[in-house]
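Since the structure comes first, as structure tokens, the remarks are kept for the end.
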Amino acid sequence: SVQDKNALHLYSVNGKCLGSETLKEEVSDMCVTGEYIVMGSLQGFLSIRDLYSLSLSISPLAMRLPIHCISVTKEYSHILVGLEDGKLIIVGVGKPAEV
């Protein structure tokens, strides 16, 4: 975060910048799972981005409270979201019939 601007940068293992994306929110936690980046923000948004293009895969989900931590189950079936007030939100991943 520099001068109220937040950005996500993607680098290769050799240090070459592969891409950048300016963010509107302040990231509080993130995890990389498979080909996606799952991010939570202090503004209460859960975002899922493509790992290679950094573009949003779905529109951000509003949690209404700051997100403190994120985890994804090892089967990639659910996202666990810890909120500021201590609540744990479980978000199913996939089509409604699969969840």
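The values are calculated or read from the model by the stated rules, or taken from the named source; none is laboratory data. This is a predicted model, so every value here is computed, not measured. Don't worry about glycine lacking a Cβ; one is built from the backbone with ideal geometry, like all the others, and counts go over all protein chains shown. Accessible surface areas use protein heavy atoms only, side chains included; no ligands, DNA or RNA. Shrake-Rupley method; radii C 1.70, N 1.55, O 1.52, S 1.80 Å.
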Checklist entry - Just one of Ser77, Ser1, Ser12, Ser41 is of a type outside the set (Phe, Trp, Tyr) and modelled with pLDDT of 95 or more; which is it? => result Ser41
Checklist entry - Does Ser71 satisfy the condition of being more than 21 Å from Lys5 (Cβ to Cβ) and either modelled with pLDDT under 95 or not β-branched (Val, Ile, Thr) (or both)? => result yes
Checklist outcome for this item: Those residues of the stretch 75-84 which are touching a Leu at 6+ places or on another chain (Cβ under 8 Å) and open to solvent by 70 Å² or more (accessible area, probe 1.4 Å) amount to Glu84
Checklist entry - Restricting to the stretch 74-88, what's the tally of residues that are out of contact with any Ser or Thr (no Cβ under 9 Å at 6 or more places or on another chain) and among the hydroxyl-bearing types (Ser, Thr, Tyr)? => result 1
